[in-house]
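Working notes, beginning with the structure itself.
The values are calculated or read from the model by the stated rules, or taken from the named source; none is laboratory data. The model shown is predicted, which means the values in this text are computed figures rather than measured ones. Note that each Cβ is placed from the backbone with ideal geometry, even for glycine, and that neighbours are counted across all protein chains shown.
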Amino acid sequence: MTYLTWGDRPPETFFDGSRARILELQRDNGAIPWYDGGVIDPWNHTEAAMGLTVLGEIEHARRAFRYLTDTQLKDGSWWGQLGSAVPLDEEEQRFTGDEKDAGHHVRDTNFVAYIATGAWHHYLVTRDRKWLAEIWPNVDAAMSFVLAHQTSHGDIRWAANDPQTPEDDALVTGCSSIYKSLECAAQIARELGQPSRHYMEARAKLGEALRDKPHRFDRTWEPKDRHSMDWYYPVLAGAITGEAARKRLAWKWDIFVAEGKGCRCVMDQPWVTVAESAELTMALLVAGQRQQAEALLSWQHQWKADCGAYWMGFQFEDQVAWPTEKPAWTAAAVILATDAIAGMTPAAHLFAERTLAEAAE
């Protein structure tokens, strides 16, 4: 663990391995797959783009955003998985909206919304208002698609009602991430002088559902609460704040956190994952628990590979990195968490606090 002093920014070369890993995975068309031979999905692709933005790789980040604008469907959505990372015939892979062109037949509302978070984050770093105005129609179309799936109770359906995704249900983690994306969409709209009230009202309804209507989630399938993300994501997204946030994180801390290692992905496995640990770091910051956040993030650097990128996770009973993949989004999550703690960019506060009050407050 080479970087444990959090009062200062990390050394300039600290993330060279992570930078190289994301850039070597990025394809000529801007797409950033999970890892070698992995799929491309809009959420993790955008996470990787934000990591590049923090590291100053602005043109590579913009290539990633251009990939999103090039592959967006007419209704504002994207397919959940846009294909594998193996070489494709780009002439045939047009993503016109026909199911035969889709790598996976899911249009996940959380994945669709995340462009708003990525775009606002990119603007906070670059302050390029022209770029923000150019991507706004894509962000607005994506958020319109998402809000078309919000129920009268405030929760948002997990995916479009395609033949392959008939379940009419909502996910705590997905809706929490959408809550953050609505915050960012409203910020973009305000910055550009566009209407933002509908985003604010939808966000307030969603926040109420996340806090007060647990019965609206996991209605048709097994609860997802064995996954740590359902525990910390409402805090990370800012739907739960203050003392309530601190109580929520304390509630399952001993279940999900392995001291000196990180955050488990699921409660019943001896497996910590670097991305979840980085996200929990940011949730702790939102809850005002900086000391715990610094400690948790510092543990993650022991899971660096020799190349300087991060393993996806570590299985601590077998004492092995598992799986033996170094995802782009894992590297990006650590970069974003480090920025949130160390203030490397003007976007550092975005994942360290809720930047916009709810309409009802």
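Observations, loosely collected:
- Members of region 156-168 that are under 14 Å from Thr220 (Cα atoms) and either modelled with pLDDT under 95 or assigned to a loop (DSSP other than H, G, I, E, B) (or both): Arg157, Trp158, Thr165, Pro166, Glu167, Asp168
- Unique match (being closer than 16 Å to Arg19 by Cβ and at pLDDT 95 or above) among Trp299, Trp303, Trp311, Trp329: Trp329
- Failed criterion for Arg264 (all others in (1) buried (at least 21 other Cβ atoms within 10 Å of the Cβ); (2) free of Cβ contacts under 8 Å to residues at least 24 places away in the same chain; (3) among the basic types (Lys, Arg) hold): (2)
- Residue selection: Thr109 fails the criterion of being β-branched (Val, Ile, Thr), within 11 Å of Trp78 (Cα to Cα) and at pLDDT below 95.
- Spans of helices (runs of 4 or more DSSP H) in region 244-302 with at least 3 residues in contact with a helix residue (DSSP H, G or I) (Cβ under 7 Å, 6 or more places away or on another chain): 274-286, 290-299
- For region 303-361, the tally of residues that are polar (S, T, N, Q) and either in a helix (DSSP H, G or I) or in contact with an Asp or Glu (Cβ under 9 Å, 6 or more places away or on another chain) (or both) stands at 4.
- Complete set of residues in region 188-209 that are farther than 16 Å from Leu147 by Cβ and touching a Ser or Thr at 6+ places or on another chain (Cβ under 9 Å): Arg190
- Test: residue in region 310-326 that is closer than 19 Å to Ile32 by Cβ and of a type in the set (Asp, Glu): yes
- Being farther than 20 Å from Thr165 by Cβ, surrounded by 16 or more Cβ atoms within 10 Å (Cβ to Cβ) and of a type in the set (A, V, I, L, M, F, W, C) is a condition met by no residue of region 211-219.
- Summed over region 25-50, residues that are over 16 Å from Val334 (Cα atoms) and aliphatic (A, V, I, L, M) total 5.
- Subset of region 15-47 [surrounded by fewer than 17 Cβ atoms within 10 Å (Cβ to Cβ) and either modelled with pLDDT of 90 or more or among the β-branched types (Val, Ile, Thr) (or both)]: Asp16, Ala20, Leu23, Glu24, Arg27, Asp28, Asn29
- Selection over region 169-207 of residues that are in a helix (DSSP H, G or I), in contact (Cβ under 8 Å) with a residue 60 or more places away in the chain and within 21 Å of Trp43 (Cα to Cα) gives a count of 19.
- Pro327 being touching a residue at least 24 places away in the same chain (Cβ under 8 Å), more than 21 Å from Trp231 (Cα to Cα) and surrounded by fewer than 19 Cβ atoms within 10 Å (Cβ to Cβ): no
- The one condition in (1) out of contact with any Pro (no Cβ under 9 Å at 6 or more places or on another chain); (2) part of a helix (DSSP H, G or I); (3) more than 23 Å from Arg107 (Cβ to Cβ) that Met229 fails to fulfil: (3)
- Residue list for region 206-242, restricted to those being closer than 17 Å to Ala159 by Cα and polar (S, T, N, Q): Thr220
- Matching entry among Gln269, Gln319, Gln302 (being surrounded by fewer than 16 Cβ atoms within 10 Å (Cβ to Cβ), out of contact with any Lys or Arg (no Cβ under 7 Å at 6 or more places or on another chain), touching a residue at least 60 places away in the same chain (Cβ under 8 Å) and over 30 Å from Ala357 (Cβ atoms)): Gln302
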